[in-house]
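> Pasting in a structure now, in structure tokens, and then I'll have a few things to ask.
The values are calculated or read from the model by the stated rules, or taken from the named source; none is laboratory data. Keep in mind it's a predicted model, so treat the numbers as computed, not measured. Cβ sites come from the backbone with ideal geometry, for glycine too, and all protein chains shown count toward neighbours. Accessible surface is based on the protein model in full, side chains and every heavy atom, while ligands, DNA and RNA are left aside. Shrake-Rupley method; radii C 1.70, N 1.55, O 1.52, S 1.80 Å.
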Amino acid sequence: MKRILYMLPLLAAAVAATACDAFRTLGGKHTKTAQGAPYELIVVCEQREWTGQAGDTLRAILTEPVAYLNQTEPRFDVLRVRAQDFTGMIADHRNILKIAVDPTLEKASAGVQYDLTAAPQIVVTLQGPDGKSIAEYLSTYREEVVSVLEGAERERAVAFARKYGTPNVEAAVDREFGVRMAVPKGYVLAAEQPDFLWARYEYPTASQGFFIYSYPYEGPADLTAAALLKARNRFAARIPGPSDGSYMTTSEVFPPEYSTFYLDGRLWCELRGFWDVEGDFMGGPFVSYTTVDMKRERIFTLDCYVYSPKLHKRNFLRGVEHLLYGVEFPTRE
């Protein structure tokens, strides 16, 4: 039975409440598997709106370049179809965004629906009396719209990791750091030391990896950008490069970006930038997440990196970013 909750924020439980009007529908169980690749999005929109203000605004938001990649890549790969062509496998896509113009409406609003014709699936509907009102709504709630779509991809990745994990890597994380972590299958444990763990996922022409490290927490100064960068370089040096004596470090060409956020009530510090190999020619994007394990009075850092010299990097980077959401500290610290 479908359940509709009116006047909820667009992201419902996914993001903190906003002032935007929205509805959320939960579909029933489906045997069909949703189609499409990660971060691929079907936009159902008529030609008038697509070439007008609503379409221009939507494209600007959805195809905005992802920050800190070596080349320009959009947030989503957008495929647009008309309503009359929205049938068959297209209607079973994993990510769908609909633009609906109805002159009888008083103002623009948004709706989020899940698993309507397949699973896992998200359908976002943006509706309003005209294209201008929808464009204005998008401009106001651009981050919320993106967050709900990215959140759906993240939830799929975490659910997959929890269902199809890598037990030996997960056990090593628990053993060394007292933390539970959902690690998707494919990762291989490359190194395990008392304060350091390294795992990697090797593809024919690309690589994803993460390393976790811990050290005593002495005070708030340990969480500054400079302190975190110093610690990162110290532990990254344990990851060897392809030639003798080479090792990973942080690129100095583009200084990492520092930010903080809360996840499940826990403060995390983020560094996002590029890594290099000292003594060789390799590099790529990285993102590290640091928090304080108060129970042990130690810094805990999950550092994730991507190496993909020939292929696009967005989905590889998103894949390692999702790892953070599978980390669970003991309930009592």
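> Hey, can you rank 162-170, 45-53 by average C-beta count inside 10 Å, highest first?
Packing proxy ranking, top to bottom: 45-53, 162-170.
> Under a plain spin-label model, where a point goes 7 Å from the Cα along Cα-to-Cβ, how far apart in nm are ALA190 and ALA60?
Inter-label distance under the simple model: 4.1 nm.
> Further question: Give me the aspartates and glutamates in straight-line cross-link reach of LYS295: C-alpha distance below 19 Å, same-chain residues under 8 apart excluded.
Filter leaves ASP174, GLU176, ASP195, GLU218, ASP222, ASP264, GLU328, GLU333.
> Give me the number: length gained by fully extending THR72 to GLU40, i.e. 0.36 nm times residue separation minus the C-alpha to C-alpha distance, one decimal in nm.
9.9 nm is the gain from fully extending THR72 to GLU40.
> Quick one: dipole size for the range 191-241, taken about the Cα centre, charges +1 on Lys/Arg Cβ and -1 on Asp/Glu Cβ, in debye to the nearest 20.
180
> Something else now. Extension gain THR140-ALA159, at 0.36 nm per residue separation less the Cα-Cα distance, in nm?
3.8 nm
> What is the local net charge at GLU143, summed over the other residues whose Cβ is closer than 13 Å to its Cβ (Lys, Arg +1; Asp, Glu -1)? Don't skip to the answer; put the middle values down first.
Numbers: positive: ARG75, ARG142; negative: GLU64, GLU144, GLU150.
Summing Lys and Arg as +1 and Asp and Glu as -1 gives -1.
> Sticking with this one: Which label belongs to the value computed from this structure, given these candidates for P(r) over Cα pairs in 20 Å bins from 0, in percent: (i) 31, 61, 8; (ii) 28, 53, 18, 0; (iii) 26, 50, 23, 1?
The value computed from this structure is option (ii).
> First select every other residue whose beta carbon is under 11 angstrom from the beta carbon of VAL188; then total the charges, Lys and Arg +1, Asp and Glu -1.
+1
> Mind listing the long-range amide H neighbours of ALA190? Cut-off is under 5 Å, sequence gap 5 or more, other chains count too, H placed in the peptide plane at 1.01 Å from N.
TRP198, ALA199, ARG200
> Could you work out the local net charge near ALA60, counting Lys and Arg as +1, Asp and Glu as -1, over the other residues with Cβ closer than 12 Å to its Cβ?
Summing Lys and Arg as +1 and Asp and Glu as -1 gives +1.
> Right, another one. What part of the accessible area of the chain, given as a whole %, is carbon or sulfur when the probe is 1.4 angstrom?
Taking all protein chains in place, the chain shows 53 percent carbon and sulfur surface.
> Which cross-chain or sequence-distant (5 or more) residues have an amide H under 5 Å from the amide H of GLN35, H modelled 1.01 Å from N in plane?
Under 5 Å from the amide H of GLN35: HIS93, ARG94.
> Here is a follow-up. What accessible area per residue, rounded to a whole number of Å², is obtained for the chain using a probe radius of 1.4 Å?
In whole numbers, the chain has 49 Å² accessible per residue.
> Now for a separate question. Please list the non-local residues whose amide H lies under 5 Å from the amide H of ASP130, H modeled 1.01 Å from N, same-chain partners needing a gap of 5 or more.
ASP102
> Using 0.36 nm per residue of separation minus the Cα-Cα distance, give me the extension gain between ARG238 and LYS310 in nm, one decimal.
Computed gain between ARG238 and LYS310 is 23.4 nm.
> For the cross-link pairs LYS230/LYS313; LYS32/LYS163; LYS98/LYS132, which exceed 22 Å when the distance is taken from alpha carbon to alpha carbon?
LYS230/LYS313
> Can you bin the range 51-164 into rounded, prolate or oblate? Criterion: square roots of the alpha carbon gyration tensor eigenvalues sorted a ≥ b ≥ c, rounded for a/c under 1.5, prolate for a/b above b/c, oblate for the rest. Intermediate results must be reported in sequence, preceding the final value.
Working: a/c = 1.80, a/b = 1.30, b/c = 1.39.
Since a/c reaches 1.5 but b/c is at least a/b, the shape of the range 51-164 is classed as oblate.
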